[in-house]
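Participant: Structure provided below as structure tokens; questions to follow.
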Amino acid sequence: MWNLVFLAKISYTMETASFSGLLDTILFIFAFYYIVKFLARLFLPMMAQKMMEKASEQYQQHQQNYQQQTTSKNTATEQPKEKKVVGEYVDFEEIE
């Protein structure tokens with residue numbers, strides 16, 4: 001009994017499929033495609049520009065941090081270190 005009700009529902013939906021429904025579906029797909037294409041042409045350049053500005057700001061910030069680190073290291077290491085006197089340099093010659 002349950003199987004007959006299920007099969008009746010399937011056959012009913014199969015009968016309602018029509019050529020006009022197919023055309024509506026194809027029309028919907030084309031309309032969706034062109035709307036997305038139009039919106040992409042409007043908004044993608046703005047999004048790309050904002051991404052480039054953000055990347056530029058991050059690069060400049062990174063560059064400033066690097067310069068500050070190198071200047072702080074240079075000021076700390078500007079004092080010359082004393083060299084230890086270990087001994088004299090001896091020049092050895094090869095014996096054959």
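Participant: Looking for something acidic (D, E), surrounded by 10 or more Cβ atoms within 10 Å (Cβ to Cβ) and over 17 Å from the mean Cα position of the chain (by Cα) - is there at least one such residue anywhere in region 24-43? Step through it out loud before you land on a result.
Facilitator: Let us first name the residues in region 24-43 that are acidic (D, E), namely 24.
Pick out the ones that are also surrounded by 10 or more Cβ atoms within 10 Å (Cβ to Cβ) and you get 24.
With the extra rule that they be over 17 Å from the mean Cα position of the chain (by Cα), the set shrinks to 24.
Yes: region 24-43 contains one or more residues that are acidic (D, E), surrounded by 10 or more Cβ atoms within 10 Å (Cβ to Cβ) and over 17 Å from the mean Cα position of the chain (by Cα).
Participant: Report, by residue number, each residue of region 44-96 that is modelled with pLDDT under 75, loosely packed, with under 10 Cβ neighbours inside 10 Å and not in a loop (DSSP other than H, G, I, E, B).
Facilitator: Once the filter is applied, which keeps residues that are modelled with pLDDT under 75, loosely packed, with under 10 Cβ neighbours inside 10 Å and not in a loop (DSSP other than H, G, I, E, B), region 44-96 yields N74, T75, A76, T77.
The values are calculated or read from the model by the stated rules, or taken from the named source; none is laboratory data. All figures in this text were calculated on a predicted structure; none of them were measured in a lab. Please note: Cβ atoms are built from the backbone with ideal geometry, for glycine as well, and neighbour counts cover all protein chains shown.
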